[in-house]
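The values are calculated or read from the model by the stated rules, or taken from the named source; none is laboratory data. Quick caveat: nothing in here was measured; it's all calculated off a predicted structure. When we count neighbours, we look across all protein chains shown, and the Cβ atoms used for this are built from the backbone with ideal geometry, even at glycine. All accessible areas refer to the heavy atoms of the entire protein, side chains included, with ligands and DNA or RNA removed. Shrake-Rupley method; radii C 1.70, N 1.55, O 1.52, S 1.80 Å.
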Amino acid sequence: MQELRDLLDQQAGMVARRQLNRIGIDSDHVSAQVRAGRWVAPTPRVVGSTTGELTWHQRCWLGVL
């Protein structure tokens, strides 16, 4: 999970599902986190680890990812 924390720290809390898959986090885990309200899915391919309105940096990462 350290790899996930590092990614989230580096990318303002935004991460692509492909990045999650690469580190062993499957779509079922992501869906469970979104349903529980811990993560948000602003697009089908990107999730965020924070809830609420995205910051400017998070919107930038959303565009990059």
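Here THR43 does not qualify as open to solvent by 50 Å² or more (accessible area, probe 1.4 Å), among the hydroxyl-bearing types (Ser, Thr, Tyr) and free of Cβ contacts under 8 Å to residues at least 40 places away in the same chain. Would a scan of region 16-28 turn up a residue that is in contact (Cβ under 8 Å) with a residue 12 or more places away in the chain, surrounded by 18 or more Cβ atoms within 10 Å (Cβ to Cβ) and in a loop (DSSP other than H, G, I, E, B)? Taking every residue of region 16-28 in turn, at least one turns out to be in contact (Cβ under 8 Å) with a residue 12 or more places away in the chain, surrounded by 18 or more Cβ atoms within 10 Å (Cβ to Cβ) and in a loop (DSSP other than H, G, I, E, B). Residues of region 1-15 that are open to solvent by less than 30 Å² (accessible area, probe 1.4 Å) and touching a Phe, Trp or Tyr at 6+ places or on another chain (Cβ under 6 Å): GLN11, MET14. Within region 39-48, can one find any residue that is on the phi > 0 side of the Ramachandran plot and under 9 Å from the mean Cα position of the chain (by Cα)? No - not one qualifying residue is present in region 39-48. Out of region 46-65, which residues are open to solvent by less than 90 Å² (accessible area, probe 1.4 Å) and in a helix (DSSP H, G or I)? Passing the criteria: GLN58, CYS60, TRP61, LEU62, GLY63.
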